[in-house]
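Report on the structure given below.
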Amino acid sequence: MLSPSDTAIVFLLALLLFGPEQLPRIARQLGEAMRQMQSTTHAFMNELERAARVHDSEQDRAMVSADAEMPAHVEPPTPSDGGSVTDAPHSN
């Protein structure tokens, strides 16, 4: 961001370069260009947010369908299934 003194210097330079007749026209064109850039940036950010929401909802649907395919109860591994003996309950 420009400080007030920097802004004054830029204004004086523009006044010297373009003259008082053309300065309002140039300021209008600059304002229109800035609005167009801001509008384009806003549209781009909205599109990114929309794409992220679509991606997140697709992941949520995939997780729900994967959870539905999982069995409700899974038996713990036994030593014959490749599980370790430490998985079994300890008896003292």
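The values are calculated or read from the model by the stated rules, or taken from the named source; none is laboratory data. All figures in this text were calculated on a predicted structure; none of them were measured in a lab. Counting neighbours? That spans all protein chains shown, and the Cβs are built from the backbone with ideal geometry, glycine included.
Within segment 20-36, residues that are touching a residue at least 12 places away in the same chain (Cβ under 8 Å) have Cβ atoms under 8 Å from residues that are surrounded by 10 or more Cβ atoms within 10 Å (Cβ to Cβ) and in a helix (DSSP H, G or I) in these pairs: Ile26/Ala14; Ile26/Phe18, counting only partners at least 6 apart in sequence or on another chain. Is it true that Ser80 is assigned to a helix (DSSP H, G or I), modelled with pLDDT of 90 or more and exposed (fewer than 10 other Cβ atoms within 10 Å of the Cβ)? No: the conditions fail for Ser80.
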